[in-house]
1. Here are 288, 280: which of them is at pLDDT 60 or above and loosely packed, with under 13 Cβ neighbours inside 10 Å?
2. Regarding region 193-205, can at least one residue be identified that is under 30 Å from residue 93 (Cβ atoms), in a helix (DSSP H, G or I) and modelled with pLDDT of 80 or more?
3. Take the residues in region 318-355 that are free of Cβ contacts under 8 Å to residues at least 60 places away in the same chain and touching a helix residue (DSSP H, G or I) at 6+ places or on another chain (Cβ under 8 Å), then tell me which one is surrounded by the fewest Cβ atoms within 10 Å (Cβ to Cβ).
């Protein structure tokens with residue numbers, strides 16, 4: 001009878017434990033599902049941002065094409081104007097030469113007429129009746145020179161008119177040339193500005209997208225690596241005991257290094273894109289050449305270069321969880337080496353490289369390191 005009661009109580013306790021385990025699993029699954037949905041939403045937002053950037057890029061390129069076409073057309077017009085200016089200058093020189101020749105002829109014939117008229121009147125008074133034929137010839141000579149004088153005068157006037165016409169045409173062409181040159185310079189400045197927009201905005205966006213893809217690939221590769229390491233480290237420990245062990249360590253681990261968090265776990269605003277980037281860990285800005293320490297007892301299962309994480313260390317903490325230390329300058333431990341809580345494992349660099357990337361994973365799922373590390377004032 002006693003054995004039956006014990007069996008019943010044991011069964012109830014077993015069912016209760018299993019129910020708790022299932023509840024925890026369902027809760028964890030629900031949390032991961034929410035994270036996945038949020039990630040999908042972020043990806044959709046990023047795609048929308050990308051579509052927007054593509055439209056902006058097309059718009060800028062279309063404007064650049066229009067500006068280039070305008071510059072090309074204006075430069076063709078400018079070449080035509082140069083030809084017209086040269087033609088106007090040539091005609092102006094010719095008209096000036098014609099004017100000079102006509103003016104010279106006019107003065108020559110005017111002088112001859114004056115001389116002829118003087119002699120004609122002098123001879124007419126003295127010997128009018130003695131030389132009638134001579135006087136008739138002198139009259140005809142004066143009349144001929146007068147016609148030539150008038151022709152030279154008309155030629156001079158026409159040349160003067162042409163000078164005014166071609167001078168005005170040259171000035172008009174030069175004024176139009178100046179306007180065209182101003183328009184070309186304005187369009188070239190606009191073209192330069194648009195190219196800067198294309199280079200600094202669209203090009204920067206493309207670079208940022210490449211960086212995001214690289215980070216996502218690195219995160220997936222790290223997840224795959226830890227999954228393999230978890231499979232290799234699995235032993236007789238049960239998941240329930242792991243949960244209990246991990247619970248003991250929440251908000252109880254020492255910080256791997258003193259410093260300030262500059263990148264939080266989860267969603268972070270990307271500095272260049274109008275979207276969020278998911279980080280599986282945190283970044284801690286620390287002192288130059290700061291020493292990095294293990295947060296708990298464990299075994300080093302990976303050391304070396306790993307994609308965007310740079311030099312990296314992974315420590316298996318008795319199958320309970322894994323800690324990841326990235327962007328290191330020097331690694332001071334080797335694979336399969338046992339370490340204790342507080343053991344020096346690496347150093348960071350200096351300047352911008354005095355930063356530690358730190359990650360904690362449980363069941364190959366990244367956890368917020370701040371939930372594991374000791375609470376402290378920022």
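1. Only one candidate qualifies: 288.
2. The first filter runs over region 193-205 and keeps only residues under 30 Å from residue 93 (Cβ atoms), leaving none.
Checked against the condition, which is being under 30 Å from residue 93 (Cβ atoms), in a helix (DSSP H, G or I) and modelled with pLDDT of 80 or more, region 193-205 yields no hits at all.
3. It comes out as 329.
The values are calculated or read from the model by the stated rules, or taken from the named source; none is laboratory data. Small disclaimer: the values here were computed from a predicted structure and weren't measured. Because the Cβ atoms are built from the backbone with ideal geometry, glycine has one as well, and the counts that use them run over all protein chains shown.
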